[in-house]
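Some notes on the structure that comes next.
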Amino acid sequence: WTLIIGVMTVELHLGDANSLKEKRRILKSLIERIKNRFNVSVAEVAQQDLWQRSTLGISIVSCDQAFVHKVLAAVIKFIEAQGTVLITNYQTEIL
């Protein structure tokens, strides 16, 4: 069998964040909900010092490439449905 690794970067705009403290509160909640719902790894990987912008790195490992695509697509839909952040860009890579 072959391991399939799905890696996604998601650029976010946090319009409601007026300080780094608010940004961290919003992101912490979002990251925990993503981890718990989809069993993926998530971390803020860029733009840590900006109040209203963030880049998340999300990864998943599976033996099924279709499953990897399905989960990453579901994560995007989940983030969009939250209403607390706006996705400005995302990129997916399968390794």
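The values are calculated or read from the model by the stated rules, or taken from the named source; none is laboratory data. Quick caveat, the model's predicted, so the values are computed rather than measured. As a convention, Cβ positions derive from the backbone with ideal geometry for all residues, glycine included, and neighbour counts pool all protein chains shown. Each accessible area value is taken on the protein alone, full model and side chains, heavy atoms only, with ligands, DNA and RNA left out. Shrake-Rupley method; radii C 1.70, N 1.55, O 1.52, S 1.80 Å.
Observations
- For the chain: accessible area per residue (Å², 1.4 Å): 61 Å²
- Over the residues of the chain, the helix contribution to mean residue ellipticity at 222 nm works out to -13000 deg cm²/dmol, using -39500 (n - 2.57) for each DSSP H run of at least 4.
- Nearest-ten-degree value, helix 65-82 long axis tilted from longest Cα axis of the chain: 20 degrees
- Accessible-area value, Val45, 1.4 Å probe, nucleic acids and ligands omitted, Å²: 80 Å²
- Within a straight-line Cα-Cα reach of under 27 Å, Lys70 can be paired with the following lysines, leaving aside sequence neighbours fewer than 8 residues apart in one chain: Lys28, Lys35.
- Accessible carbon and sulfur surface of the chain relative to its total accessible area, %, 1.4 Å: 52 percent
- Within a Gaussian network of the chain (alpha carbon springs, distance under 10 Å), most fluctuating of Leu20, Leu12, Leu72: Leu20
- Against the main long axis of the alpha-carbon atoms of the chain, helix 20-38 sits at an angle near 20°.
- Lys, Arg +1 and Asp, Glu -1 on Cβ, resulting dipole of the chain about Cα centre, debye, nearest 20: 300 debye
- Expressed in Å, the radius of gyration and Dmax of the Cα atoms of the chain are 13.4, 48.
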